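The values are calculated or read from the model by the stated rules, or taken from the named source; none is laboratory data. Only a predicted model underlies this, so the values are computations on that prediction, with no experimental measurement involved. Note that we place each Cβ from the backbone using ideal geometry, even for glycine, and neighbour counts take in every protein chain shown.
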Amino acid sequence: MKKFQDFLEKKFAPFAIKLAGQRHLAAIRDGFISFMPFLIIGSIFIIIQDFPAPGWQELQTQLFGEGFNQFIILPKRVTYDLMSLYIVAAISYKLAKSYRIDAFSAAMIGISSFILLTPITTTITIDEVEHIVPKVITVGGWYGTNGILVAIITALIATEMFNFFIKKGITIKMPEGVPPAVSRAFAALVPGLIIIVTMLLVRLLFLQTSYQYIHEFIYQIVSVPMQGMIANNLGGAIGTVFAISLLWCIGLNGGTIVNGIMRPFWVPLQEANLAAIEAGKQIPNIITEQFFDMVWIGGAGATLAVVLILIFKAKSKQYRELGKMSLAPGIFNINEPIMFGLPVVLNPVGIIPLILGPIAITIVNYVSMALNIVARPTGVIIPWTTPPVLQGFLITGHISGAILQIVDILIVALIWWPFISIMDKRKVAEEAEITTNNYNNKSVKA
Amino acid sequence: MKIVLVCFAGMSTSMLVSRMEKVAIKRGIEADIIAIPATEIYDEAEDADVILLGPQARYTLDEVKKFASPYKIPVDVIDSRIYGMMDGEAVLDMALELISNK
């Protein structure tokens with residue numbers, strides 16, 4: 001055990017810390033996080049359109065007319081289905097901010113760059129004849145979740161170029177006395193021009209190949225293999241949960257770090273689920289980001305079970321206090337009080353259940369969904385802070401999701417129980433010693 | 001006085017902030033306490049009297065110290081146990097001690 005702890009602190013921690021702080025990964029992570037509210041808003045309308053109550057679809061048409069169904073889903077279309085445009089702007093902004101340069105211009109340039117690399121025509125078929133429609137930005141397709149990887153790459157490259165030119169002074173410098181907003185806009189002109197010409201050349205380059213567009217190239221070379229590795233792969237799911245738990249062992253927010261890296265690859269999975277539901281087909285993917293959200297009951301380590309054990313079963317005063325205090329955050333899946341208070345972080349006794357608990361329920365959840373005992377995630381995005389049980393219901397759109405989480409809590413509680421008992425006994429002994437010392441001191445004083 | 005807490009995402013740290021504020025009011029200390037992610041120190045922390053890092057943000061210690069040194073702002077990492085117990089009193093004491101030792 002000591003060897004493992006040493007490995008964690010001496011080899012893993014510095015690497016993980018470097019990874020967490022890495023500028024580009026942080027920009028990607030923060031870019032997605034800033035877009036989350038929009039996805040959640042879009043989800044609200046998905047849930048409205050598709051609320052899992054029998055008879056709702058008929059009631060909709062009865063109350064609001066035939067067109068309601070497609071009208072109410074519009075907020076989802078302008079968020080989920082135009083995601084790449086927002087993301088390229090958000091990541092460019094965040095990266096530019098970390099370089100302390102004009103983030104707004106960077107975001108604008110990011111958007112133009114992305115569109116320059118993406119088709120702006122579409123084909124429609126009327127009476128069996130195909131027509132090419134020019135000057136079109138499609139809702140969905142490469143502008144939606146399919147374009148995420150290109151959006152990320154474009155944002156990083158365009159902003160790096162922007163930073164390079166600004167820092168090297170390859171800009172038009174306005175004379176003194178010109179308002180800062182105007183100087184900034186003019187400063188962005190030359191870098192913007194060079195970046196746009198570059199993107200134009202890249203577009204031209206790809207048009208000469210069979211891929212036609214960089215999107216198709218990235219899709220074939222990266223997306224397809226990645227999906228194969230992570231979609232509906234129990235091993236991949238266990239690996240993800242393990243990595244996140246391991247990062248928490250050293251006190252780093254594993255979820256934020258790992259999700260930041262994996263999210264671009266998970267997004268198409270939930271999109272596919274949503275599309276399947278809309279088409280009235282079977283839900284294909286068990287694994288989506290929300291599958292993992294369901295595992296973190298009370299936060300990483302599935303610590304809500306820990307909180308409940310502390311409140312009802314702990315014998316030491318400190319742990320009963322800790323339990324009471326951690327209940328409110330725990331209900332919203334925030335676990336820092338338990339992580340640093342038990343503590344779990346850097347504590348060998350806490351590390352084992354921290355890793356085993358979530359892996360156990362990952363397996364249970366995955367298998368029950370694979371056997372169709374429990375409904376799969378619909379692909380809807382809800383805040384990760386949604387209280388458990390309600391969360392399971394909303395994510396799967398079915399009561400089986402809620403029941404699964406209750407079962408999960410019981411499983412995790414069983415796993416944590418022996419370890420908490422050990423830690424609790426120690427605390428009780430500590431508290432008894434303090435009381436004894438105080439008693440002795442009082443006697444001495446008297 | 002202005003106390004700046006630096007965290008990773010800001011959720012549990014804001015609970016710590018409200019506990020610290022309660023203690024400050026009880027003691028009659030006027031303190032403006034905020035919690036921010038590390039990337040915002042450049043905008044929000046120039047006028048801070050002390051900067052404290054949550055344990056999960058400890059990897060930013062070097063960057064924050066570099067930012068803070070020209071302004072002579074003391075920087076330190078909050079002990080894990082104190083942070084986990086959301087001990088507002090202990091963190092406030094830590095902040096006050098760092099300021100008085102400046």
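Filtering the stretch A:138-156 to residues that are touching a residue at least 40 places away in the same chain (Cβ under 8 Å) and of a type outside the set (Gly, Ala, Ser) leaves A:Val139, A:Trp142, A:Tyr143, A:Thr145, A:Asn146, A:Ile148, A:Leu149, A:Val150, A:Ile152, A:Ile153, A:Thr154, A:Leu156. For the stretch B:91-99, does any single residue satisfy the condition of being among the β-branched types (Val, Ile, Thr) and either surrounded by fewer than 20 Cβ atoms within 10 Å (Cβ to Cβ) or outside any loop (DSSP other than H, G, I, E, B) (or both)? Yes; the residues of the stretch B:91-99 include at least one that is among the β-branched types (Val, Ile, Thr) and either surrounded by fewer than 20 Cβ atoms within 10 Å (Cβ to Cβ) or outside any loop (DSSP other than H, G, I, E, B) (or both).
Do you know which residues across the stretch A:305-326 are free of Cβ contacts under 8 Å to residues at least 40 places away in the same chain and within 11 Å of chain B (Cβ to nearest Cβ)? Residues satisfying the conditions are A:Glu321, A:Leu322, A:Met325, A:Ser326. Consider the stretch A:82-110 and keep the residues that are closer than 20 Å to A:Ala181 by Cα and of a type in the set (Val, Ile, Thr). The one that is farthest from the other protein chains (Cβ to nearest Cβ) is A:Ile109. Picking from residues in the stretch A:204-245 that are over 18 Å from the mean Cα position of the chain (by Cα) and of a type in the set (S, T, N, Q), the one that is farthest from A:Pro284 (Cα to Cα) is A:Gln208. Pairing residues of the stretch A:403-426 that are loosely packed, with under 14 Cβ neighbours inside 10 Å with residues that are assigned to a helix (DSSP H, G or I), at Cβ distances under 8 Å and at least 6 apart in sequence or on separate chains, gives A:Leu410/A:Ala305; A:Ile422/A:Val349. Taking the criterion of being in a helix (DSSP H, G or I) and either more than 10 Å from chain B (Cβ to nearest Cβ) or touching a Pro at 6+ places or on another chain (Cβ under 9 Å) (or both), the residues of the stretch A:1-22 that qualify are A:Lys2, A:Lys3, A:Phe4, A:Gln5, A:Asp6, A:Phe7, A:Leu8, A:Glu9, A:Lys10, A:Lys11, A:Phe12, A:Phe15. Looking only at the stretch B:62-74, decide whether some residue is at pLDDT 85 or above and among the small types (Gly, Ala, Ser). Yes; the residues of the stretch B:62-74 include at least one that is at pLDDT 85 or above and among the small types (Gly, Ala, Ser).
Among the residues of the stretch B:10-22, is any hydroxyl-bearing (Ser, Thr, Tyr), within 11 Å of chain A (Cβ to nearest Cβ), closer than 21 Å to A:Leu25 by Cα and under 14 Å from the mean Cα position of the chain (by Cα)? Within the stretch B:10-22 (the criterion being hydroxyl-bearing (Ser, Thr, Tyr), within 11 Å of chain A (Cβ to nearest Cβ), closer than 21 Å to A:Leu25 by Cα and under 14 Å from the mean Cα position of the chain (by Cα)), the answer is no, since none of the residues qualifies.
Please verify whether the stretch A:268-278 includes one or more residues that are within 13 Å of another protein chain (Cβ to nearest Cβ) and either of a type in the set (Val, Ile, Thr) or in contact (Cβ under 8 Å) with a residue 12 or more places away in the chain (or both). Scanning the stretch A:268-278, I find no residue that is within 13 Å of another protein chain (Cβ to nearest Cβ) and either of a type in the set (Val, Ile, Thr) or in contact (Cβ under 8 Å) with a residue 12 or more places away in the chain (or both), so the answer is no. Of all the criteria given as (1) in a helix (DSSP H, G or I); (2) in contact (Cβ under 8 Å) with a residue 40 or more places away in the chain; (3) of a type in the set (Gly, Ala, Ser), the one not satisfied by A:Ser368 is (2). Would you confirm, using the coordinates I've provided, whether A:Gly192 is out of contact with any Leu (no Cβ under 9 Å at 6 or more places or on another chain), farther than 18 Å from A:Val150 by Cβ and assigned to a helix (DSSP H, G or I)? Here the answer is yes, as A:Gly192 does meet what is asked. Residues being assigned to a helix (DSSP H, G or I), in the same structural domain as A:Ala158 (by TED's automatic domain parsing) and loosely packed, with under 14 Cβ neighbours inside 10 Å are entirely absent from the stretch A:96-115. Taking the stretch A:272-291 as the range and being out of contact with any Pro (no Cβ under 9 Å at 6 or more places or on another chain) and surrounded by 19 or more Cβ atoms within 10 Å (Cβ to Cβ) as the test, only A:Leu274 passes. Filtered by the rule that a residue be assigned to a helix (DSSP H, G or I) and more than 14 Å from every other protein chain (Cβ to nearest Cβ), the stretch A:293-304 gives A:Asp293, A:Met294, A:Val295, A:Ala302, A:Leu304.
Would you mind stating whether B:Gly54 is within 11 Å of another protein chain (Cβ to nearest Cβ) and touching a Cys at 6+ places or on another chain (Cβ under 6 Å)? For B:Gly54, the condition - within 11 Å of another protein chain (Cβ to nearest Cβ) and touching a Cys at 6+ places or on another chain (Cβ under 6 Å) - is met. Can you tell me which residue in the stretch A:327-356 is nearest to the other protein chains (Cβ to nearest Cβ), limited to those that are assigned to a helix (DSSP H, G or I) and farther than 18 Å from A:Ser245 by Cβ? Result: A:Pro329.
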